[in-house]
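Student: Here you go, one structure.
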Amino acid sequence: MAVFYSMNQVTLLTILTSILLISFGIGRNPLAACMGLARNLMANKRSMVLFGSLIAILFLNKYELKLEQMMQPPPDFTHIVQRLEGGFVESFQQLFYAPWLTPFLAYFYIVVFQSVLIASLGIYLFQERNGRQFNATCYAIILNYLIAVPFYLFLPVKEVWAFNPNVHFYMLEAFPNFETVYRGLSGLDNCLPSLHTSVSVTLALLAARSSNKRWAWFAGINAAIIIFTIFYMGIHWLTDMLGGLALAGFSVAVAYKLADFSSVREQVPSVRI
């Protein structure tokens, strides 16, 4: 059953879902939550700089595909990954496929995935005065993309369905125009590591260390659904998922160190000689 038809629809659903998730995480009505977010962001220059850097990284990631086209194509490493894990994804699909489940998982993969990132930033910015959690989130997502992009450029691995004819790309059942309107944001050989895994698990790990327990539970459930979805849809290999888990753990650990280090530097007064 098709539920997505255009990027305008995806954008609108992302905005609405983000607002609802922020309201859920904060426990206030959406209008008050958004107004509070805007005030807090404008009042913190360092948070504004970090947020701007995050947006810049996300936009630069869009041009990774153009850079890849300008380079001499590196060897295709998909066959190596396939030898390591065999028919894991094929068996996974045969076990769990159900027509009613496909649109639900597609919604999480396309809309909720990015909405949780937006909502996490909003919730932390609204609730924490010292900005540690917000800053750590920005650092962690930036690290995710900075580390993943070189892998996509120099260690290309194709999506499972594009390599194994027995694996189905079920996303097309929910989003028939996926290959024409969404593929420009996600290269066919940008698999290892899985950014859907790494970003969703990163947000779950960050939420688990926050004071917002209801958001920690939701972020954890979302990460589990996203990992289930990447196999169900026939997109990622098990190796991609494991790489995403490692990237998430590393990014979160380093992000907190960066957030704490920058906070200490702000608190230490400069001494003129």
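Any read-out appearing in this document is the output of simple, stated calculations on the displayed coordinates, not a laboratory observation. Being a predicted model, the structure only gives us computed values, none of them experimental. With ideal geometry, Cβ positions are generated from the backbone for all residues, glycine too; neighbour counts draw on all protein chains shown.
Student: What is the gain in length, in nm to one decimal, between Asp260 and Ile221 on full extension, counting 0.36 nm per residue of separation less the C-alpha to C-alpha distance? Each step should come with its number before you reach the end.
Tutor: On the way: separation 39, 0.36 × 39 = 14.04 nm, distance 2.77 nm.
Length gained between Asp260 and Ile221: 11.3 nm.
Student: Taking θ = phi - 60°, what integer Hz values does the Karplus form 6.51 cos²θ - 1.76 cosθ + 1.60 yield along region 247-261, in sequence order, with x for Gly and Pro?
Tutor: Here the 3J(HN,Hα) series is 5, 5, x, 5, 4, 5, 4, 6, 4, 5, 5, 5, 5, 5, 5 Hz.
Student: Tabulate in residue order the Karplus-calculated ³J(HN,Hα) for region 17-27, using 6.51 cos²θ - 1.76 cosθ + 1.60 with θ = phi - 60°, rounded to whole Hz; enter x for Gly and Pro.
Tutor: Per-residue couplings from phi come out as 5, 4, 4, 5, 5, 4, 4, 5, x, 8, x Hz.
Student: Quick one: what are the phi-derived ³J(HN,Hα) couplings along region 171-180, Karplus 6.51/-1.76/1.60 with θ = phi - 60°, whole Hz, x for glycine and proline?
Tutor: Karplus values, whole Hz, x for Gly and Pro: 4, 5, 5, 9, 9, x, 9, 3, 5, 9.
Student: Something else about it: Rounding to the nearest 20 debye, state how big the charge dipole of the chain is about its Cα centre with +1 on each Lys and Arg Cβ and -1 on each Asp and Glu Cβ.
Tutor: That gives a dipole near 1300 debye.
Student: Also, I was wondering about something else. Hey, fewest Cβ within 10 Å first, where do Thr11, Thr180, Thr78, Thr202 land in order?
Tutor: Lowest count first: Thr180, Thr11, Thr78, Thr202.
Student: Highest GNM mean-square fluctuation, the chain, Cα pairs closer than 10 Å: which of Gln72, Gln93, Gln82?
Tutor: Gln72
Student: Now for a separate question. Answer rounded, prolate or oblate for the chain, using the Cα gyration tensor with square roots of eigenvalues a ≥ b ≥ c: rounded when a/c is under 1.5, else prolate when a/b is larger than b/c, else oblate.
Tutor: Prolate, because a/c is 1.5 or more and a/b exceeds b/c.
Student: Another question, if that's okay. Give the residues of region 205-227 whose amide nitrogen is closer than 19 Å to a point set 7 Å from the Cα of Ala253 in the direction of its Cβ.
Tutor: Within reach of a label on Ala253: 205-210.
Student: Also, I was wondering about something else. So how strong a dipole does region 159-218 carry about its Cα centre when Lys and Arg Cβ are +1 and Asp and Glu Cβ are -1, to the nearest 20 debye?
Tutor: Magnitude of the dipole: close to 500 debye.
Student: Next question, about the same structure. If neighbour count is taken as other Cβ atoms inside 10 Å, put Trp215, Trp100, Trp161 in order from fewest to most.
Tutor: Working: Trp215 26, Trp100 7, Trp161 21.
Fewest-to-most ranking of Trp215, Trp100, Trp161: Trp100, Trp161, Trp215.
Student: A further question follows. For the pair Gln9 and Leu60, how long in nm is the line joining their label points, each one 7 Å along Cα→Cβ?
Tutor: 3.4 nm
Student: Only loop residues by DSSP count here, and only those with at most 12 other Cβ atoms within 10 Å; note down the trypsin sites (Lys or Arg not before Pro) in region 57-153 that meet that.
Tutor: The qualifying sites are Arg129.
Student: For Ser91 and Leu67, FRET efficiency with R0 = 25 Å and r from the beta-carbon atoms, rounded to 0.05?
Tutor: Values: r = 36 Å, r/R0 = 1.42.
The formula returns an efficiency of 0.10 here.
Student: Still on this model: Divide by every residue of the chain the summed helix terms, -39500 (n - 2.57) for each DSSP H run of at least 4, and state the resulting mean residue ellipticity at 222 nm, rounded to the nearest 500 deg cm²/dmol.
Tutor: So the helix-based figure for the chain works out to -22500 deg cm²/dmol.
Student: Fewest to most neighbouring Cβ within 10 Å: what's the order for Ile55, Ile141?
Tutor: Ile55, Ile141
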